[in-house]
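Comments concern the structure below.
The values are calculated or read from the model by the stated rules, or taken from the named source; none is laboratory data. Keep in mind that what you see is a predicted model, and the values were worked out from it rather than measured. Reconstructed Cβ throughout: ideal geometry from the backbone, glycine too, with neighbour counts over all protein chains shown. For the accessible areas, the whole protein counts, side chains as well, though only heavy atoms, and no ligand, DNA or RNA atoms are used. Shrake-Rupley method; radii C 1.70, N 1.55, O 1.52, S 1.80 Å.
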Amino acid sequence: MTAKPWYDFYRGDFRKLTAANIPDSSVHMIFTDPPYGGEYLELWQPLAKLAERVLVNGGLLVTYSGQYHLPRVLDALRKHLKFVWMDCLYTPKANALMRPVRVKSQWKPMLIFVKGKYEITCPTECKADCRIDTG
């Protein structure tokens, strides 16, 4: 007998995922990379609403974002989730030119948001107090 995996992957347009596909409060993490152009800005709030519905309390939305529209992306996500952190994907060989501001970029923002309260503690072997609490 083969055990069912404890994870599921969904690939495609998140707007097609319904309660029949994903029950409420059943997902621990969403990792996504939506399109970055200004014509896709309307996707961010529906993504945040989906995450708010399907994530468990303390569940994470981790998403890449373009840089040019970053303030608007952050605003859309903050309407439904709490900001935890921003990291980046460093791409030293890339020279993406953001034409409107004439800046070349070699990194891509990775945004981390949580539904509800996010609490993490260091492993036992870690001597530092690295508790994070967004409550």
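Taking each residue of region 18-35 that is of a type in the set (Ser, Thr, Tyr) and looking for partners that are open to solvent by less than 80 Å² (accessible area, probe 1.4 Å) with beta-carbon atoms closer than 6 Å, six or more apart or interchain, yields Ser25/Val56; Thr32/Thr63. Contact annotation: residue pairs with Cβ atoms under 6 Å, 6 or more positions apart or on different chains, pairing a residue in region 50-68 that is of a type in the set (D, E, K, R) with a partner that is surrounded by fewer than 21 Cβ atoms within 10 Å (Cβ to Cβ), are Glu52/His80; Arg53/Asp24.
Considering only residues of region 18-46 that are part of a loop (DSSP other than H, G, I, E, B) and open to solvent by less than 40 Å² (accessible area, probe 1.4 Å), which is farthest from Leu111 (Cα to Cα)? Applying the filter and picking the extreme gives Ile22. Residues that are on the phi < 0 side of the Ramachandran plot, aromatic (Phe, Trp, Tyr) and surrounded by fewer than 18 Cβ atoms within 10 Å (Cβ to Cβ) number at least 1 in the following strands (runs of 3 or more DSSP E) confined to region 47-113: 55-64, 82-90.
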